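Some notes on the structure that comes next.
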Amino acid sequence: MSRADQTRFAARIRDPQGVELLPGVSTARMAVYETLFFNNLEGFLSGGFPVLRSLFKDARWQRLVRAFLSQHRCRTPYFLQIGAEFVDWLAEAFVAEPGDPAFLAELAHYERVELALEVAVDELPELGWSPLAWPLAYAWPVQRIAADFQPAVAPAEPTCLLVWRDRTDKVRFQQLSAFAYHLALRLQAGEASCEALLDLAESNGLAADKHYFANARALLDDWQRQDIWFPPAT
């Protein structure tokens with residue numbers, strides 16, 4: 001089989017309705033490859049995005065998966081990265097059908113984060129913010145979305161979350177206030193905690209008094225205890 005035929009063969013597997021059969025290949029024979037390919041990828045996406053899957057009836061879900069397979073060209077050969085490619089496609093190229101919720105891309109991103117942290121090769125540091133702790137902000141309350149909770153309008157305030165992997169390799173989640181989220185971003189960027197807290201107090205019109213720093217210290221102590229932030233020894 002020539003390279004051109006191989007390319008066309010692969011295109012037919014991804015898009016049976018849009019690509020003609022190769023000469024000499026029967027519909028029945030080709031259907032075996034098409035079905036195996038689709039079922040394998042559909043099962044992987046269903047397992048990797050269970051909440052997203054629960055929002056769709058079977059026919060709509062299959063059209064969604066088929067659109068991804070036919071339209072998107074993955075930039076990695078690694079099977080575990082297919083979910084990340086799916087998230088990218090939803091954010092960049094997905095065309096919604098009437099009735100599709102507006103939060104699909106954000107929900108998929110949120111669902112992908114857990115696996116991404118589970119397979120991340122980074123290790124906990126001796127000092128500073130853990131590379132396994134990710135501050136995230138979404139327009140939608142993605143951690144609450146389910147088949148029986150599908151908001152039609154995004155809240156006025158973003159949903160701020162922290163997702164991290166601790167020293168036991170367990171992935172954990174917590175919701176953050178807007179203040180804690182911005183503090184996390186600054187610590188993640190390498191800023192010293194004292195400088196970050198002073199600047200946040202000024203930018204938020206807060207008094208940098210004993211009460212302010214006591215509350216901030218309690219938050220930082222929690223992050224240290226939970227393997228999120230590792231301050232210098234005092």
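The values are calculated or read from the model by the stated rules, or taken from the named source; none is laboratory data. Since the structure is predicted, the reported quantities are computational estimates derived from the model, not experimental observations. Ideal geometry is used to build each Cβ from the backbone, glycine not excepted, and the neighbour counts take in all protein chains shown.
Odds and ends about this structure:
- Residues located in the range 110-150, provided they are hydroxyl-bearing (S, T, Y) and within 12 Å of the chain's Cα centre (by Cα): Y110, Y138
- Matching entry among D222, D169, D209 (being within 19 Å of the chain's Cα centre (by Cα) and among the acidic types (D, E)): D169
- Listed by first and then second residue, the pairs with beta-carbon distance under 6 Å, at least 6 apart or on different chains, first residue in the range 117-143 and among the hydroxyl-bearing types (S, T, Y), second at pLDDT 95 or above and assigned to a loop (DSSP other than H, G, I, E, B), are S130/L124; S130/I228.
- Against the test of being more than 22 Å from A147 (Cα to Cα) and out of contact with any Ser or Thr (no Cβ under 7 Å at 6 or more places or on another chain), the options F44, F38 yield a single qualifying residue, F38.
- Residue match in the range 76-87 (condition: of a type in the set (V, I, T), touching a residue at least 40 places away in the same chain (Cβ under 8 Å) and either over 28 Å from P158 (Cβ atoms) or surrounded by 11 or more Cβ atoms within 10 Å (Cβ to Cβ) (or both)): yes
- Set side by side, the residues F94, F56 differ, and just one is of a type outside the set (G, A, S), more than 26 Å from L187 (Cβ to Cβ), part of a loop (DSSP other than H, G, I, E, B) and at pLDDT 95 or above, which is F56.
- Any chance L107 is within 12 Å of the chain's Cα centre (by Cα), over 20 Å from T168 (Cα atoms) and part of a strand (DSSP E or B): no
Yes/no per residue for (1) in contact with a His (Cβ under 7 Å, 6 or more places away or on another chain); (2) modelled with pLDDT under 80; (3) in a helix (DSSP H, G or I); (4) not assigned by TED's automatic domain parsing to the domain that holds Q150:
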residue: G18; (1), (2), (3), (4): no, yes, no, yes
residue: A28; (1), (2), (3), (4): no, yes, yes, yes
residue: R60; (1), (2), (3), (4): no, no, yes, yes
residue: A67; (1), (2), (3), (4): no, no, yes, yes
